[in-house]
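Below is one structure, written out as structure tokens; the observations come after it.
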Amino acid sequence: MSTVTDPFDLARAEALLRGYDARWTDDMARYEVLAVEAEFTAPVVNPITGAASRTWRLGGKLDALVHDRETSRDIIVEHKTSSVDVGPGSEYWRRLRMDGQVSVYFDGARALGFDPQACLYDVLAKPRQRPLLATPPENRRYTKAGKLDARQREVDETPAEYLNRLLDAIASDPNAFYQRGEVVRLEQEISEAQHDIWQIGKQIRESDLAGRFPRNPDACLRYGSTCAFFDVCTGAGSLDDESRFYRSLEVHPELAGASAELGHGSDLLTASRLSAARACQRLHKLKYADGWRPVTDAEALRFGTLIHRGLEAWWRAPDGDRLEAALAALIPQPEQQHQELAAASF
């Protein structure tokens, strides 16, 4: 299984966390942190009868829950990293009006005894700048004085140089990297989400009963990367290839209590599981029924896990210690790293 050791990944994460701290520290005076990484289970409700499903339950983990002192509201906090435009009015924000994950988290917060009035969507845009490489010798141009053209490089950029360049970019336009917005759920939107979840649960069950799990070629490319099981579905690879795949009995390794409480969590519908089933029934079977996982995690998942670890520490830490705690969390203990990478592969 891959581990997050690339020094340039660490530089990108450090730059984003330093900018995050500078951007949002002052805002924390208005919030009382009620919970961080709070796990929940909740019933899946039949939207027609109001009865709880006997097959499925909702499950998940809230990034944070806070009380807004200025408005006397309890608010869910959801962290996201994104490679797309996250500016106000962008499609990214409009899509959240029907995002199922947000609706699941409202149910989860209520199951924990809170009455959430909104979800604070806390988005960090991934830096698009990549480490600069040395100009190939055959492409180098020199001035009459024998100096290399100023737009070319003799050596690769170091992680420290890369970090400083990212910090300069973030400082020059912080709003391009950090956006927050409140997402609410009206009664009609809650009803729509309940119908969606109920129908997806029925589709999973029907596939299980029929023993058929349709592939969806339109889902082979998601979030900028090819599905880890693409070669398996096209016949170009095998699940028996131990260099690429392994199996786990844990359905939801990101949820510490799921295995013990729910018989390996097989009846839990998390936001990630719902997303997989919505995208492709074959993908859902391989990951959540059979327990197959890729040995090598996609870059987006690795980096997202790295940032999430830093943000968790930032939100847990007391005032004045947040940045130090976030940066320290970028280097996990071996056991923590194993658990997080297992969760990321899902």
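Counting charges near E192 (Lys, Arg +1; Asp, Glu -1) among other residues having Cβ under 15 Å from its Cβ returns a value of -1.
Taken about its Cα centre, segment 95-205 carries a charge dipole of about 620 debye when Lys and Arg each add +1 at the Cβ and Asp and Glu each add -1 at the Cβ.
Output the peptides 246-252, 308-314 sorted from most to least packed, where packing is the average of other Cβ atoms within 10 Å over each peptide's residues. If you can, show how the numbers build up before the last one.
Numbers: 246-252: 16.3, 308-314: 21.9.
The densest-packed peptide leads the list: 308-314, 246-252.
To the nearest 10 degrees, how steeply does helix 187-210 sit against the main Cα axis of the chain, on a 0 to 90 scale? For helix 187-210, the angle is close to 80 degrees. Per residue, the accessible area of segment 1-102 comes to 47 Å², computed with a 1.4 Å probe over protein heavy atoms only.
Carbon-plus-sulfur accessible fraction, segment 1-102 (probe radius 1.4 Å, protein heavy atoms only): 48%. Of P131, C119, G59, which is farthest along the charge dipole of segment 22-144 in the positive direction, counting Lys and Arg as +1 and Asp and Glu as -1 at C-beta? So the residue we want is P131.
Could you work out the local net charge near L62, counting Lys and Arg as +1, Asp and Glu as -1, over the other residues with Cβ closer than 10 Å to its Cβ?
Working: positive: K61; negative: E37, E39, D63, E78.
Net charge around L62: -3.
Translational diffusion of the chain, estimated by Stokes-Einstein from the Kirkwood radius over alpha carbon pairs at 37 °C in a medium of 0.692 mPa s, is 148 µm² per second. Inter-label distance, D218 to E91: 1.4 nm, where each label sits 7 Å from its Cα along the C-beta direction. Cross-link reach is defined here as a Cα-Cα straight distance under 20 Å, omitting same-chain residues fewer than 8 places apart; for K144 the aspartates and glutamates meeting it are E154. Note: segment 78-201, Cα convex hull, 183 Å³ per residue.
Let's test the formula: R0 of 41 Å, r as the Cβ-Cβ distance of A236 and R151. What FRET efficiency results, to the nearest 0.05? Working shown, then result.
Working: r = 41 Å, r/R0 = 1.01.
Once the sixth-power term is evaluated, E becomes 0.50.
Legend: calculated FRET efficiency, S272 to D168, from the Cβ-Cβ distance at R0 = 41 Å, rounded to 0.05, equals 0.70.
Tally up the carbon and sulfur contribution to the accessible surface of segment 172-314 as a whole percent, 1.4 Å probe, everything protein left in place. Write out the running numbers ahead of the final one.
Numbers: 3720 of 7320 Å².
Roughly 51 percent, rounded to a whole number.
Enter the angle in degrees (range 0 to 90, nearest 10) between the Cα long axis of helix 100-111 and the first principal axis of the Cα atoms of the chain, meaning the one along which they spread out most. Approximately 60 degrees, to the nearest 10.
Given charges of +1 on the Cβ of Lys and Arg and -1 on the Cβ of Asp and Glu, with all other atoms neutral, how large is the dipole of the chain about its Cα centre, in debye to the nearest 20? Intermediate results must be reported in sequence, preceding the final value.
Numbers: 43 positive and 53 negative charges, 216 e Å.
Roughly 1040 debye for the chain.
Taking Cα atoms only, the orientation of helix 334-344 departs from the longest principal axis of the chain by about 70 degrees. Relative protection proxy for 45-54, 186-195, from highest mean packing down: 186-195, 45-54 (other beta-carbon atoms within 10 angstrom). Run the reach check for K202 against aspartates and glutamates, Cα to Cα strictly under 17 Å, same-chain hits fewer than 8 apart removed. What comes back? Within the straight-line cut-off, K202 pairs with E192, D267. Ignoring lysines fewer than eight residues from K80 along the same chain, the ones with Cα atoms less than 17 angstrom from its Cα are K61, K126.
The values are calculated or read from the model by the stated rules, or taken from the named source; none is laboratory data. All of these numbers come straight from a predicted model, not from anything done at the bench. Here Cβ is always computed from backbone atoms with ideal geometry, including for glycine, and neighbour counts include all displayed protein chains. Surface areas here come from the heavy atoms of the whole protein model, side chains and all, with no ligands, DNA or RNA. Shrake-Rupley method; radii C 1.70, N 1.55, O 1.52, S 1.80 Å.
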